[in-house]
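So the structure is just underneath, and the comments pick up after that.
The values are calculated or read from the model by the stated rules, or taken from the named source; none is laboratory data. Computed from a predicted model, the values in this text were never measured in an experiment. Every residue, glycine as well, gets a Cβ built from its backbone with ideal geometry; the counts of neighbours run over all protein chains shown.
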Amino acid sequence: MSPQEIGATGVVVLIVLTLLRVPLGAAMGLVGLLGYAAIDGWDKAFIVFGTTPYNLTSYSFSVLPLFILMGTVATRSNMSQELFVAANAIFAGRRGALPMATIGACAGFSAISGSSLATAATFTQIAVPEMRRYGYDERLATGAVAAGGTLGILIPPSVIMVIYALAAEESVPMLFAAGMIPGLILTLLFMLVIWVMVRLFPERAPAGERMPMGERIRAVLAMWKLLLLFGIAVGGIYAGWFSPTEAAGIASFVAIVIAAASRELTWRGLYECVMETLRTTGMLMFIIVGAWIFAYFVVQTRLPVGLIDLIKHFDLAPWAVIMMILIFYIILGCVLDAVAIILVTVPVFLPVATALGYDSVWYGILMVVVVEIGLITPPVGLNIFVMRAQLPDIELTTMFRGIAPFLVADGVLIALLLIFPQIALWLPKLLYG
């Protein structure tokens, strides 16, 4: 077999192992080791296998556990509840106010949690009971939370963006800046979906109660904790005051101080936050090591070069290639989680995209948006299953039906990014040149 045939076989074997629920890090490491050995011999394969974990000692990796810690502390404190109350105050009095408030609150919480699953799990507990209490249709209630949860990996600081940056050797601040405008656009598109739905099907959403202006102002001012953390974690990076690691460290410390001062975090709670951060970081680091070993194998196979030669042979337009890649991502998103998709596909498809003239930052944002779709589509739909675990009395079919209209918003954003790439690239160029 040629190296490229070995590479293609390795990708297929990896996907099969992942579908068989073999741990992702172990699957990538095993395929990478065996494939590397098949091409270059066992001695060189074991050298790569033995030395790769030492790359994790790089200072740049410390940003990952610090952002995870900040999000964990924010989740365990009362910030999400205050955020939902503030968002509800803004939309109070309108039909569909609570689901719109849920989308807004999810967008705000995404700016400090960095995790789609954490956002979905948090607002399942907060928003769905409120919407059911006021008589909202269960499809609309669960769909809004599931869709809003996906904003957790698009609006910075995003853990998935950090993982993409590490895999693609790209700038974390550039990716954070690139995700800001698409994240805000998708938030508005989700709200537009709700606005259309409650007018087409008014029986699904009762008219909201009006709120005096004084109460609105007090509720909005209670968002100061979120604004402070966002200003440090993201604003500090954009302004050039902190590196990503420094911003994550300072923001984590401030989150702990705020939670402790407001008596929302005890010593026991802090210990649990740290332990949860360690478990999550350990899992991600194990996966990243496996991904690196797999990436070294892919480089040896020259599989991306073969794909580029194939594209040249068939004389495909760059946009057609990107569309094929996106379709592949959507299919893959139905069976794999976001981390798996990014770490498995970046070594293969990113060189193809850059060879076609596409910007790697733009491609990263486009990939994150497509990965979002996988979080809310069957049969995996991790956001849906996280919600189902907390709402066992609501059928999965109801939740998946509820999310269907929001997929239109994702499709619109993908089209906008393809037609107007500056949506993702304008802010990074403005801030970093």
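Worth a mention:
- If the condition is being at pLDDT 75 or above, within 29 Å of Val162 (Cβ to Cβ) and not in a helix (DSSP H, G or I), then the range 203-249 contributes Gly240, Trp241, Phe242, Ser243.
- Selection within the range 120-148 - modelled with pLDDT of 85 or more and either closer than 19 Å to Phe385 by Cβ or not in a helix (DSSP H, G or I) (or both): Asp137, Glu138, Arg139, Ala141, Thr142, Gly143, Ala144, Val145, Ala146, Ala147, Gly148
- Close pairs (6 angstrom Cβ cut-off, 6 or more residues apart or separate chains): touching a residue at least 60 places away in the same chain (Cβ under 8 Å) and in a helix (DSSP H, G or I) in the range 280-297, crowded, with 19+ Cβ neighbours inside 10 Å and of a type in the set (Ser, Thr, Tyr) anywhere: Val289/Thr52; Trp292/Thr52; Ile293/Thr52; Phe297/Tyr36
- Qualifying residues in the range 298-357 (those that are of a type in the set (Phe, Trp, Tyr) and within 25 Å of the chain's Cα centre (by Cα)) - the one farthest from Val11 (Cα to Cα): Trp319
- Scanning the range 25-43 for residues that are within 12 Å of Ile293 (Cα to Cα) and either more than 23 Å from the chain's Cα centre (by Cα) or surrounded by 17 or more Cβ atoms within 10 Å (Cβ to Cβ) (or both) gives Gly25, Ala27, Met28, Gly29, Leu30, Val31, Gly32, Leu33, Leu34, Gly35, Tyr36, Ala37.
- Taking (1) surrounded by 16 or more Cβ atoms within 10 Å (Cβ to Cβ); (2) more than 30 Å from Val22 (Cα to Cα); (3) under 23 Å from the mean Cα position of the chain (by Cα) in turn, Thr281 satisfies each apart from (2).
- Matching entry among Phe176, Phe190 (being more than 29 Å from Val348 (Cβ to Cβ), out of contact with any strand residue (DSSP E or B) (no Cβ under 9 Å at 6 or more places or on another chain), crowded, with 19+ Cβ neighbours inside 10 Å and of a type in the set (Phe, Trp, Tyr)): Phe190
- Of the listed requirements (1) within 23 Å of the chain's Cα centre (by Cα); (2) touching a residue at least 40 places away in the same chain (Cβ under 8 Å), Ile232 misses just one: (2).
- As a summary of the residue check, Val22 satisfies the conditions (1) assigned to a helix (DSSP H, G or I); (2) farther than 20 Å from Ile232 by Cα; (3) among the aliphatic types (A, V, I, L, M) except for the one numbered (1).
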